[in-house]
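Reading through the structure tokens given below for one structure.
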Amino acid sequence: MDLDDEGSNFELKEIQTLSGHTDRVWSLAWNPATGTDDAQPVIASCSGDKTVRIWERSALTRSWDCKAVLEETHTRTVRSCTWSPSGKLLATASFDATTAIWENVGGDFQCVSTLEGHENEVKSVSWNASESLLATCSRDKTVWIWEVMPGNEFECASVLQGHTQDVKMVKWHPTMDILFSCSYDNTIKVWAEDDTGDWHCIQTIGESSNGHSSTVWAISFNAGGDKMVTCRKHLSTLSGYHDRTIFSVHWSREGIIASGAADDAIRFFVESKDSVVDGPSYRLLLKKEKAHDMDVNVVQWSPGENRVMASASDDGTIKIWELATSSN
């Protein structure tokens, strides 16, 4: 379906609000192995209340319910959560300086490994495509790469130093073992392994290379992995749409960029047909004012259903949305 031909005849329908966290919700993740004919979609969410919640949609009622609360492992805010590509393991990063690995054992989530080494708050965690590597980053300015060993063991393969400030997010490329990290130092760094097995920074994207001039909060790739979108206080190429800090961006499989920000709104952008020779341009498809009562910390498209997404906020809720063609 050509989004440009449809004009702006879209609306964002709220399907359900998921309540249960008692503090702000920092992050959420769709389980990539769910949302198929055989398995109903599952979402993990993490919060300042030190817990992780697992939500599942009922096949019968289509209603989302909390199936598990993962608690008494992290002692401070849980800042980031992400499923392994197979959907079998969940990694959670916390301000308590640890990363926990969870496995669903017969419907009961168990912490099967705890990764220690960062000096303070762990801000983000990311699996590579083959599930052989895990990356974490921290306020201690470092990025760690962990090798996934048999028996849920994790061995530190490298400690990457190069950022001069708090590292906000790590993200593996969707098909290659190349790692991207973004930071309060206004840069994105690209890391790769050399022939000897050592990891090095192969590129730094800063303001001088059309990068950002303030904190870089998030990174997302398109489905093909040949384009990357990043966000900061104001988007450089999509400027003038948000007047507050942008905390999250996510690229859908069909090329829609969703963004969530401190203005409580969610926006959607698509590539314009009249893109110029020197690069694509993007236009605003839809803006949802007051999507949440407070800051929108994360937006994530469903991996299984087109135009279904979830958002999470400082207001303590997760919302499930559908980007639908309006009837008027």
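Let's see how each residue does on (1) free of Cβ contacts under 8 Å to residues at least 24 places away in the same chain; (2) not hydroxyl-bearing (Ser, Thr, Tyr):
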| position | (1), (2) |
| --- | --- |
| Leu60 | yes, yes |
| Ser63 | no, no |
| Arg76 | no, yes |
| Phe95 | no, yes |
#### Entry: Members of the range 1-50 found to be polar (S, T, N, Q), open to solvent by 60 Å² or more (accessible area, probe 1.4 Å) and either at pLDDT 95 or above or touching a Phe, Trp or Tyr at 6+ places or on another chain (Cβ under 8 Å) (or both), listed by number
Ser19, Thr22
### Matching strands (runs of 3 or more DSSP E) fully within the range 130-179 where at least 1 residues are surrounded by fewer than 19 Cβ atoms within 10 Å (Cβ to Cβ) and without any contact (Cβ under 8 Å) to a residue 12 or more places away in the chain
142-149, 153-161
### Task
Quick one: count up the residues across the range 256-270 that are under 15 Å from Ser220 (Cβ atoms) and either open to solvent by 10 Å² or more (accessible area, probe 1.4 Å) or among the basic types (Lys, Arg) (or both).
1
### Message
Among the residues of the range 87-106, are any of a type in the set (Phe, Trp, Tyr), within 22 Å of Asn120 (Cβ to Cβ) and in a loop (DSSP other than H, G, I, E, B)?
### Response
yes
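The values are calculated or read from the model by the stated rules, or taken from the named source; none is laboratory data. This is a predicted model, so every value here is computed, not measured. FYI the Cβ positions are ideal-geometry reconstructions off the backbone, even for glycines, and counts take in every protein chain you see. For accessibility, only protein heavy atoms count, side chains too; no ligands or nucleic acids. Shrake-Rupley method; radii C 1.70, N 1.55, O 1.52, S 1.80 Å.
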